[in-house]
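This report concerns only the one structure given below.
Read-outs: derived from the displayed coordinates by stated rules, not from any lab. A quick note: this is a predicted structure, and the numbers were derived from the prediction, not measured. In this analysis, Cβ positions are derived from the backbone assuming ideal geometry, glycine residues included, and neighbour counts consider all displayed protein chains.
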Amino acid sequence: MGTKTIGIREAVYERLRARKREGESFTDTIDRLIEESGGDWREGFGTLPAEETEALREATRESRGDTATALSARQRRGVGQFETASRADDGDERTVENGPDADGEEEA
């Protein structure tokens, strides 16, 4: 088994030494402390409790719905403006009225 040399600040060394048990090497102390702290910190990284997961899902659904509604309204307005401009270019003075506004409601 190979070994590695690491440098640590004096204050960290003192804290580590204070936690070292009699007959325990620094390697054993570090290993024990890592195990006591829960092992691999990457395990479970990025997971949420069930209630937070559902709240995040609902917020995402609402946000996507709001985005889709707003985008659809903008597209309808853009198409209406394009059609109006095209008719004006053709000498047809008709305009598009009573189309949905940005909120998806009918305009008067």
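Count Lys and Arg as plus one, Asp and Glu as minus one, and take only other residues whose Cβ is under 13 Å from that of Ala55; the net charge is then -3. Positive contributions from Lys and Arg (+1) and negative ones from Asp and Glu (-1), summed over other residues with Cβ under 14 Å from the Cβ of Ile30, come out at +2.
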